[in-house]
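A short write-up of the structure that comes next.
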Amino acid sequence: MTVQHMRLLSRTDYALLKGATRELVDSLGGLAAAAGRTRVGKSQLSAYGALQEADFMPVDVAADLESALGQPVVSAALASLRGCDLVLRAGKAADRADPLALVSALSLEVAHVFDTLSSALSDNVIGAADARDIETQAFDVLHVVFRILDACAAAKSAGYR
C-alpha cells in the first residue's frame, strides 16, 4: 500500500519557496559559492531550488546561507506565506542592501522570464507546464522587486542620502 502525503500549501506557494531558494543561492554567487558556506554540496543545493524535486532546503542550511548573505531571503518568503512581514528588532543594525546587486539580480530574473517564455513559445503553444514555469519565473522577479522596495524603505527610514 502506498502512503499518500498531503500537502497543505498550493503549488504556487511551493514554487515561491523554490524561487526564494534559487535567489538565495544565486545571490551568494551560485552553487559552488553557496556550497562552501553550508553543510550540503552543489547538487543538493540545486535540487532544493528545482521545481521538479520534492526536497526543500532544511532550516539549518537556509540559516547558514542567509547569515552569509546578510538577508533573510527564504525566511522572508516563509513569513510572507503566513501573511507576516519580518521586522528588524529595535537596536539591530539593518543590513544595507547593495543596490547594484539587487538591480543585477532583477535583470537576471527578468532574463529568466524571457528565456522561459521563448522556450514555451517554440511550439506556438503555452501548455499547463509552460504556464507553471512562467509563473515561477514571474514570482522570482516579484521577490527581487520586493527586496528592492524593502531596501528603499530601509534607506528612507534610516535617513540615508
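For the chain, adding -39500 (n - 2.57) for each run of n ≥ 4 DSSP H residues and dividing by the number of residues yields -21000 deg cm²/dmol at 222 nm. The loop-placed chymotrypsin sites (Phe, Trp or Tyr not before Pro) in segment 101-161, going by DSSP, that have at most 14 neighbouring Cβ atoms within 10 Å of their Cβ come out as Tyr160.
Among Lys156, Lys18, Lys42, sorting on how many other beta-carbon atoms sit within 10 Å of each Cβ, with the fewest leading, yields Lys156, Lys42, Lys18.
Here the label points at Tyr14 and Ser118, each 7 Å from Cα along the C-beta direction, are separated by 3.0 nm in the simple model.
Rounded to the nearest Hz, the phi-derived 3J(HN,Hα) couplings of segment 76-82 under the Karplus curve 6.51 cos²θ - 1.76 cosθ + 1.60 (θ = phi - 60°) are 5, 5, 4, 4, 4, 5, 8, where x marks glycine and proline. Structural descriptor for the chain: relative contact order 23 percent, calculated from alpha carbon pairs under 8 angstrom and at least 6 residues apart. The slack in the chain from Val125 to Phe146, taken as 0.36 nm per residue of separation less the alpha-carbon distance, amounts to 4.5 nm.
Ranked by how many other Cβ atoms sit within 10 Å of their own Cβ, fewest first, the residues Asp26, Asp13 fall in the order Asp13, Asp26.
Values in this text are rule-based calculations from the coordinates and carry no lab data. What you see is a predicted model; the values in this text were computed from it and never measured. So basically every Cβ, Gly included, is an ideal-geometry build from the backbone, and we count neighbours across all protein chains shown.
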